[in-house]
1. Largest first, what is the accessible-area ranking of Arg185, Arg50, Arg97 with a 1.4 Å probe?
2. Compute the label zone of Arg113 within region 124-167: residues whose backbone N is under 12 Å from the point 7 Å along Cα-to-Cβ.
3. Calculated FRET efficiency, Ser138 and Gln40, Cβ-Cβ r, R0 25 Å, to nearest 0.05?
4. Do you know the relative contact order of region 77-218, to the nearest whole percent, from alpha carbon pairs under 8 angstrom that are 6+ apart?
5. Can you pull the one-decimal nm distance between simple spin-label points at Ser53 and Ser120, each 7 Å off the Cα toward Cβ?
6. Among Gln54, Ala77, Thr43, flag the residue with its Cα farthest along the positive direction of the charge dipole of the chain, charges on Cβ as +1 for Lys/Arg and -1 for Asp/Glu.
7. Just to check I understand the Karplus step: with θ = phi - 60° and J = 6.51 cos²θ - 1.76 cosθ + 1.60, what whole-Hz values come out for region 162-177, glycine and proline as x?
8. To the nearest 20 debye, what charge dipole does the chain have about its Cα centre, counting +1 at the Cβ of each Lys and Arg and -1 at the Cβ of each Asp and Glu?
Amino acid sequence: MSRQPVLSTFASLLTLSLICLTTSMTQTKEPPVEIIPTPQSVTRSPGTFRISSQTLLVLADGAGKDDRFAADQLNEALVEQGAPPLKIVAEGSLRKRPSNFILIGTAGSKWARDLLKARSCRLTAEMKDEGYVLDVGSDGILIVAESPRGRFYAVQTLLQLVYRDKRVVQAPRVSIHDWPLQKMRGITDDLSRGQVSTLENFKKIIRFLARYKLNIYS
């Protein structure tokens with residue numbers, strides 16, 4: 001018996017939960033965004049940010065290998081949407097902030113601090129361990145968190161926002177402040193019944209769970 005039903009069953013549950021969820025959002029003329037799990041705070045603005053070959057994926061000062069991993073995952077997802085992989089650069093290698101960017105980093109970065117202030121975003125105590133700020137503006141996308149886990153989860157949220165419209169890959173303009181209410185979030189897979197998954201399938205399950213910010217698979 002294949003372990004593939006684990007993914008399909010969980011996907012069905014997520015779809016059902018999305019139908020039942022009511023997102024608390026600032027009312028605008030723009031349609032609400034749909035994200036699983038529902039973020040703590042979502043404010044929608046008119047318009048979208050277009051991701052193109054000119055968009056730079058900037059790792060802010062202080063970024064580490066975990067941030068590079070998140071950036072690589074973002075690039076893989078963009079390629080699946082038909083967009084070209086973005087050039088990944090370090091903040092310190094640029095003389096000035098580009099006008100078309102995705103910035104991943106901590107509030108210790110000058111660019112991140114300046115953008116947080118300019119966009120009226122802030123990190124709170126609840127966000128310290130796994131929370132994040134994700135702000136999609138007209139000129140770029142800001143991802144800021146104190147922890148690598150927070151920045152990784154912000155990228156996972158962004159992956160749910162990105163979509164392709166004809167030849168354009170874009171994301172709706174939105175400001176998200178999010179953090180988990182539960183430290184332990186996951187599922188238990190009963191391996192005592194049926195065929196045990198292959199290593200590759202286990203990896204697929206873990207990647208799928210991570211996309212929705214689940215941190216336990218047992």
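The values are calculated or read from the model by the stated rules, or taken from the named source; none is laboratory data. No experiment lies behind these values; they were computed from the predicted model shown. Cβ coordinates were reconstructed from backbone atoms using ideal geometry, including for glycine residues, and neighbour counts include every protein chain displayed. Accessible surface areas use protein heavy atoms only, side chains included; no ligands, DNA or RNA. Shrake-Rupley method; radii C 1.70, N 1.55, O 1.52, S 1.80 Å.
1. Sorted descending by solvent-accessible area, the residues read Arg50, Arg97, Arg185.
2. Correct set: none at all.
3. Taking R0 as 25 Å, the efficiency between Ser138 and Gln40 is 0.60.
4. 21 percent.
5. 3.8
6. Gln54
7. 5, 8, 10, 10, 6, 9, 10, 9, 8, 9, x, 6, 7, 10, 10, 10
8. Roughly 400 debye for the chain.
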